[in-house]
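Report on the structure given below.
The values are calculated or read from the model by the stated rules, or taken from the named source; none is laboratory data. Just so we're clear, the structure is a prediction, and the values are computed from it rather than from any experiment. Note: ideal-geometry Cβ built from the backbone for every residue, glycine included; neighbour counts use all protein chains shown. Remember, those area values only see protein heavy atoms, side chains included, never the ligands or the DNA or RNA. Shrake-Rupley method; radii C 1.70, N 1.55, O 1.52, S 1.80 Å.
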Amino acid sequence: TSLASHLIYHYTPNQVIDLSAMLFATFAINNCDVVHYYDDLARKYTDAVISNIASHRFGIELRANVAWSQYLSSTFLATAMRCRYSDSATISLYADSDNSLIAQTSAAMQGHNTGTPEIGLYGDIEFHAREWCIRASVCYCGQRYVSPSFIRRSQRVFDLASSDEHRTMLDHQQRLGDAASIDLNVSKRIRLDWGTLNIQFSARNILGVNAISNGYEQNRIRRVVIQERAHLEPFDNRLRYDYGRTFYLGIGLWF
């Protein structure tokens, strides 16, 4: 169940500048998910039914469209929001082999980021004339975290933590570094007697920055014995990286 609302204010002082501001809020309750994974504590493949998932997202978006001249224009966009889980979730674990109940527990998710970037900036400048369109853009994402694991934060796992410091380690959510990209897009439309030919060339991540695009926590947790004491240690987070400097050429034909 989700409830969403937004409030938009639009202001156009002249023919050059078009401004808008939007406040938005989304609340979700009683959402569900099913996760299939190998449970190291039960030592079997498991289906986890996660219910009563509650989250909220609210923030502000500012947008400006600027017509510098007849052929030159820009778009600027800034977004700041808060994306958090707002309550604990319920987890039911079933054996994949015979669907028998392994355990029922709760997951302490309140206050954790949902994995959505919370700060975004975008700006471009575009030239368009005589069927040509050339656009250079820059985008930035900040306040980013890996997507958290419900299984890792279940009370079933926390009960086996050997100390408060160990529990804090299990509950920790990795923050990712900020990411930025500069892109270039050039397109030309050619009108023919029998149709239209469109040629497009794009260069993505021109600076070749090796940035992490996103990531997620794994559900698996290993047992590690240190000095005759057993500890729980989660598997490393899985991270995805953006492509480096990449070039695209596209040709479209319309009849």
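Taking 7 Å steps out from each Cα toward its Cβ at Ser147 and His36 produces label points 1.6 nm apart. For the stretch 99-110, 3J(HN,Hα) computed residue by residue from phi via the Karplus equation (6.51, -1.76, 1.60; θ = phi - 60°) reads 6, 6, 6, 8, 6, 10, 8, 10, 10, 7, 9, 4 Hz, glycine and proline entered as x. What FRET efficiency comes out for Leu197 versus Cys139 if R0 is 30 angstrom and r is the Cβ-Cβ distance? Round to the nearest 0.05. The computed FRET efficiency comes out at 0.55. Taking the centroid of alpha carbons for each part, the stretch 7-80 and the stretch 189-253 are 20 Å apart.
Using C-alpha pairs below 8 Å separated by at least 6 residues, the relative contact order for the chain is 13 percent.
For the stretch 1-67, divide the Cα radius of gyration by the Kirkwood radius and give the resulting Rg/Rh value with two decimals.
Details: Rg = 21.4 Å, Rh = 15.7 Å.
Computed over Cα atoms, the ratio is 1.36.
According to the Kirkwood expression over distinct Cα-Cα pairs, how big is the hydrodynamic radius of the stretch 68-199, in Å? Mind showing how you got there, number by number?
Values: mean 1/r = 0.0514 Å⁻¹.
Result for the stretch 68-199 stands at 19.5 Å.
Please give the calculated 222 nm ellipticity per residue for the chain, where each DSSP H segment of at least 4 residues contributes -39500 (n - 2.57) and the sum is spread over every residue; nearest 500 deg cm²/dmol? Mind showing how you got there, number by number?
Working: 2 runs with 12 residues, N = 255.
Roughly -1000 deg cm²/dmol at 222 nm, from the helical runs in the chain.
Taking amide H as placed 1.01 Å from N in the peptide plane, Asp87 has its amide H under 5 Å from the amide H of Ala54, Gln110, Gly111, each at least 5 places away in sequence or on another chain. Where does the charge balance sit around Phe27 when Lys and Arg score +1, Asp and Glu -1, over other residues with C-beta under 14 Å from its C-beta? Computed value for this residue: +2. Taking a virtual spin label 7 Å from the Cα of His10 along the C-beta vector, which residues in the stretch 49-66 bring their backbone nitrogen under 18 Å of it? Output list for this probe position: 61-66.
For every other residue with a beta carbon closer than 13 angstrom to the beta carbon of Asn99, add +1 if it is Lys or Arg and -1 if Asp or Glu, then tell me the sum.
It works out to a net charge of -2.
Kindly state, as a whole number, the per residue volume in cubic angstrom of the convex hull around the alpha carbon atoms of the stretch 121-188. Present the calculation step by step, with values, prior to reporting the outcome.
Numbers: hull volume 6.5 nm³, N = 68.
Hull volume normalised by residue count: 95 Å³.
In the assembled protein chains, Leu249 presents an accessible area of approximately 130 Å² (probe radius 1.4 Å). Across every pair of non-identical alpha carbons in the stretch 33-94, the mean reciprocal distance, once inverted, gives a Kirkwood radius of 16.0 Å.
Rounded to the nearest whole Hz, the Karplus-based 3J(HN,Hα) values (6.51 cos²θ - 1.76 cosθ + 1.60, θ = phi - 60°) of the stretch 49-57 follow the sequence 9, 9, 10, 6, 7, 10, 8, 9, 9, with x at glycine and proline. Computed over the alpha-carbon atoms, the stretch 193-238 gives an Rg to Rh ratio of 1.51, Rh here being the Kirkwood radius from the mean inverse distance.
For the options Trp132, Trp194, Trp68, a Gaussian network treatment of the chain with springs between C-alpha atoms closer than 10 Å singles out Trp194 as fluctuating the most.
Here the Karplus relation 6.51 cos²θ - 1.76 cosθ + 1.60, evaluated at θ = phi - 60°, turns the backbone of the stretch 115-124 into coupling constants of x, 8, x, 9, 10, x, 10, 8, x, 8 Hz, with x for every Gly and Pro. With a probe of 1.4 Å, find how much accessible area the chain has per residue, and write the answer as a whole number in Å². Dividing the accessible area of the chain by its residue count gives 61 Å².
So what is the relative contact order for the stretch 1-132, in percent, with contacts set as C-alpha pairs under 8 Å and at least six apart? Provide the component values of the computation, followed by the final result.
Details: 315 pairs, mean separation 28.1, N = 132.
Taking the mean separation of contacting Cα pairs over the length of the stretch 1-132, I get 21 percent.
Only protein heavy atoms count here; under a 1.4 Å probe, Thr116 has an accessible surface of about 50 Å².
Mean silhouette area of the stretch 82-147, derived from the convex hull of its C-alpha atoms and averaged over all directions, reads 8.7 nm².
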